[in-house]
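A short write-up of the structure that comes next.
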Amino acid sequence: MRCWPLALLLALLTSPALADEACPPGNLLAGRAPSKALKVTNAKRITDGVAPEDGDDWRTNLTAVLTGRTASATWDLGREVTVNSLLVQGDNNDTYQVEGSVDGLTFQPIWRVPAHPNPGMRIRLQQGLNATVRYLRVGDAQGDNAYSLGEVQAFCQHPATWPPPMERKTGTLPKTETSRKVRMSQGKMVLGILGGLAFLGLFLARRREDAMLDLIAPAAGAGSLLYAGWMVVQEANRRSSASDAFVWEKRGLVIAGVIAGAVGLLIVKRWLGKKPVARVAERGALSMLILAGAVTWVNFGTFHGSRVVHYWDSFHYYMGSKYFKETRYTGLYHCSAIGELDDGRRDEFKDRQLRDLRDNRLGPALPQLERQEECRQAFSPERWAAFREDLRLFRHHMGKSWWAKMFMDHGYNATPVWNMVGQYLANQDWRAHIPPEGKTTAPVDLAKLSPVERAAVNRDFREARIPAFEQRMYKLVLLDFLLYAGIFALLGWAFGLRTAALAMVVWGSGYPWAYFWTGGGYGRVPWLFTAVLGFSLLKKGYPLLGGFGLTWSALLRVFPGALVAGISLKIATEVFKGRTPKEAEQEPAPEGDGLWAKLQRRFGRSHLRFVLGCFVAVGTLVPASLPAAGGFDAYPEFLENSLKHKATPLTNHMGLPTLLSWHPKRVARHTKDSKLDDPFAVWKQERQRTLKERRLLHAGLLVLFLGLLAYAGRRLNDWEVTSLSVLFMIGIFELTCYYYSFVVLLAPFVLRRWHYVAVYIAMPIVTQYLQHEIGWYDEQYTAETVAVLVPVLYFLGHAAWERFKGIERAPDALEPPTVEGAAPA
């Protein structure tokens, strides 16, 4: 009987009520307002139980903004409790420190919340903390100075569902916040206007001897660079706290001061009568335009918002080339779905749409999961493990929503020649990136592990595999950046600084070829680089290498083959009419009666070498591509795949076929049907029907274009007719908008006349205006086609008219008149 007090005490200590006080269930912060908030706006939002959707903007009506690293929010939990699990949703590219205290004075670190690779607001999770606290604090943010929290939750008892269910909403931006899309568009139009003003100044300075006119181009060039720098600072400030904004402003002022000082020095020297400085001033202006254009093209240093790499696009060309022997042209999405099925994600496919790349039809994904054997048989166990790990890495970087949408795209479509290099680079050291069997982040594998093992696997994925993958992708993307730089270096080498600057102004200010479409991808640019390489070599007098370069470009993307149209027409004209006296004078007839000598007398040495270069390219690159492609069968497969895509209209297609298939009653706004598996199915059928009805008109226009180019080309150089041959890339093909980056090939030709330059610079400004004034993609890109086609037709039509009227051709509208008192037309 004397033991009853001890028994009662033991019963009380082990009762559920007391246990719950030390480790209560549920979210410990639910409904609690911070007991202290330092430099945090709308701090109550952090624990209101409503979290922004993944990827939402960092500054909305659902987020609390932390102003600087010293900002923090502290909660008093009322008593000492154990915190085992934490959920923190914050801006993706920042880290946050979670700390705990028992007395509210001395805080100890509990967890450093890591950055997240995907853009926008993102949830981070941690468990197994075992921290005893009464006060919980979140602060010490580090990153890009744009700090915000959407939701913070703390648990002693780990929830059965992790992450726990919560209310999710899409936030709204402040009414004063202009959308990034509009800001970028307006900034690019300003660059175009300033670039046009700079070239206007150069033209005026050539027409009249006036020191003030000499200042227009340097002033406009400096203005464009200052404006680009100002935009960089403004975009940085949007991501900065108020305290850090002043630092950016000081940096901008220093840069502006240096540039203004340099331009001022040139102006003083010019006024002092040192004539050669005018040339230096011009080169300075052109150099500043090049730099401003480059900064503008990368969206004033913001790239894709919060990242440089375009993971959606890179997935197709990295995975498509790396596993081409297994997936070919039709298996990328199908095998990716099977890989996710093996990872234990079958439930995600219940509502997912997936495009069947065998016929480009869009439909429910689940039926395709029943067709598994062809994928499993194509992969060895080792390659299948590598494939699945790559899927996990891309999925992690894209997020669940974008990942699901990506399977509605149109697969891998590179040529076997592109695949030859792409496959080699993507497969570098591929075995080293395969995780140990059973130690992956696949749900089916994690479910078999203990909590400690699961935490170790997730930590290895986060701290080792993700950084290694990002490093690989950055290296591959860097290759594209180098090729882009090479394009403008080639234009400067072959045609001069003026051409490079003009091309850069158009490149930086246009929309269809904007960074949103063309930047941060893997292997997006080799076709354009080789086209510019061949084009430049023609100008420098290397026709054999020029033919090789242009054909190489065609073997990478097919449609650049249209660039040989101009020279082909010149050769055909020589067959029927013989060479012009000018051509015969430039290339004297060789002596001898051999076949080669006869051919040179008939066609000219340069054209024979050009054709030889084309054949050499085909004869070397096609055989070289066969081992990577798995044999010659890849070429008929590629042809079949290309014809399939030709029969699949896209809303961002551009070209004369796109223009001719437009009908006001058959556009997407009238034909889209969301009840269908493919909402655009009716729209596609109507587009094809309309184009078929107008096929004779299409053929007639192409014949007219050929006639114009043949007529004007009789007195044009080979590189000039190659420049104008971009018309046939527009006229023959329906290309997705980003391939219109070929407009840079027009830059050397348009410098012939000042009004060509005016039209050429107006073109990208118009494309920017159209992209934010027209809401529906199909209508927008039809209008964008007109914005590009009309200038090209104007250049060709005017060149033909000049020949008809016998007007003397000016070598360059920016060159001084060769006869005193004369001026370029």
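The values are calculated or read from the model by the stated rules, or taken from the named source; none is laboratory data. Being a predicted model, the structure only gives us computed values, none of them experimental. Here Cβ is always computed from backbone atoms with ideal geometry, including for glycine, and neighbour counts include all displayed protein chains. The area values use the complete protein model at the heavy-atom level, side chains included, leaving out ligands, DNA and RNA. Shrake-Rupley method; radii C 1.70, N 1.55, O 1.52, S 1.80 Å.
List of remarks:
- Of residues in region 341-365 being of a type in the set (A, V, I, L, M) and part of a loop (DSSP other than H, G, I, E, B), the one nearest to the chain's Cα centre (by Cα): Leu357
- Region 502-528: number of residues that are closer than 19 Å to Pro560 by Cβ, open to solvent by less than 20 Å² (accessible area, probe 1.4 Å) and not in a loop (DSSP other than H, G, I, E, B): 6
- Put simply, of Arg371, Arg376, Arg383 the only residue that is open to solvent by 60 Å² or more (accessible area, probe 1.4 Å) and either closer than 25 Å to Asn641 by Cα or in contact with a Leu (Cβ under 6 Å, 6 or more places away or on another chain) (or both) is Arg376.
- The set of residues in region 105-116 that are over 11 Å from Thr132 (Cα atoms) and open to solvent by 30 Å² or more (accessible area, probe 1.4 Å) comprises Leu105, Thr106, Phe107, Pro109, Arg112, Pro114, Ala115, His116.
- Within region 318-332, the residues that satisfy the criterion of being part of a helix (DSSP H, G or I) and either open to solvent by 10 Å² or more (accessible area, probe 1.4 Å) or modelled with pLDDT under 95 (or both) are Lys325, Glu326.
- If the condition is being outside any helix (DSSP H, G or I) and under 30 Å from Ser568 (Cα atoms), then region 680-723 contributes Arg694, Arg714, Arg715, Leu716, Asn717.
- Hey, Ser642 more than 25 Å from Pro526 (Cβ to Cβ) and of a type in the set (S, T, N, Q) or not: no
- Condition met for Gly438 (under 19 Å from the mean Cα position of the chain (by Cα), at positive phi and either open to solvent by less than 40 Å² (accessible area, probe 1.4 Å) or basic (Lys, Arg) (or both)): no
- Answer from His772, His755 - the residue that is out of contact with any Leu (no Cβ under 8 Å at 6 or more places or on another chain), open to solvent by 10 Å² or more (accessible area, probe 1.4 Å) and closer than 21 Å to Phe199 by Cα: His755
- All conditions in (1) buried (at least 17 other Cβ atoms within 10 Å of the Cβ); (2) out of contact with any Asp or Glu (no Cβ under 8 Å at 6 or more places or on another chain); (3) charged (D, E, K, R); (4) more than 25 Å from Ala160 (Cβ to Cβ) hold for Asp54, with the sole exception of (4).
- Where Ala228 falls short, out of the listed (1) among the hydrophobic types (A, V, I, L, M, F, W, C); (2) surrounded by 15 or more Cβ atoms within 10 Å (Cβ to Cβ); (3) at pLDDT 85 or above; (4) more than 23 Å from the chain's Cα centre (by Cα): (4)
Let's see how each residue does on (1) in contact (Cβ under 8 Å) with a residue 24 or more places away in the chain; (2) in contact with a Pro (Cβ under 9 Å, 6 or more places away or on another chain); (3) closer than 29 Å to Pro679 by Cβ:
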| position | (1), (2), (3) |
| --- | --- |
| Glu373 | no, no, no |
| Arg376 | yes, no, no |
| Lys400 | yes, no, yes |
| His410 | yes, no, yes |
| Pro416 | yes, no, no |
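- Here the condition is being at pLDDT below 90 and touching a strand residue (DSSP E or B) at 6+ places or on another chain (Cβ under 7 Å); of Ala154, Ala131, Ala141, it holds for Ala141 alone.
- Boolean, Asp390 is modelled with pLDDT of 95 or more, farther than 30 Å from Asp56 by Cβ and of a type outside the set (A, V, I, L, M): no
- Meets criteria (in contact (Cβ under 8 Å) with a residue 24 or more places away in the chain and within 28 Å of Ala456 (Cβ to Cβ)) for Asn130: yes
- In summary, helices (runs of 4 or more DSSP H) completely within region 626-679 and bearing 2 or more residues that are over 30 Å from Val417 (Cβ atoms) and at pLDDT below 95 occur at 668-671.
- Contacts under 6 angstrom Cβ, first residue in region 726-754 being over 20 Å from Leu650 (Cα atoms) and in a helix (DSSP H, G or I), partner modelled with pLDDT under 95 and of a type in the set (A, V, I, L, M), 6 or more apart: Trp754/Ala813
- Residue match in region 740-750 (condition: small (Gly, Ala, Ser), open to solvent by less than 50 Å² (accessible area, probe 1.4 Å) and closer than 30 Å to Gly201 by Cβ): yes
- The lone exception for Glu326 - which of (1) charged (D, E, K, R); (2) under 20 Å from Trp312 (Cα atoms); (3) in contact (Cβ under 8 Å) with a residue 24 or more places away in the chain it fails: (2)
- Wholly enclosed strands (runs of 3 or more DSSP E) of region 1-102 bearing at least 2 residues at pLDDT 90 or above and in contact with a helix residue (DSSP H, G or I) (Cβ under 8 Å, 6 or more places away or on another chain): 72-83
- Sole residue being of a type in the set (Asp, Glu) and without any contact (Cβ under 8 Å) to a residue 40 or more places away in the chain, chosen from Asp91, Asp103, Asp140: Asp103
- For region 128-210, the strands (runs of 3 or more DSSP E) that sit wholly inside it and include 3 or more residues that are within 20 Å of Trp75 (Cα to Cα) and not basic (Lys, Arg) are 131-142, 147-155.
- Count - residues of region 410-433 that are among the aliphatic types (A, V, I, L, M) and open to solvent by 40 Å² or more (accessible area, probe 1.4 Å): 4
- Checking Gly707 against (1) under 24 Å from Arg666 (Cα atoms); (2) open to solvent by less than 50 Å² (accessible area, probe 1.4 Å), the condition it does not meet: (1)
- Positions within region 262-309 being open to solvent by 40 Å² or more (accessible area, probe 1.4 Å), modelled with pLDDT of 85 or more and not in a helix (DSSP H, G or I), in sequence order: Gly301, Phe303, His304, Val308
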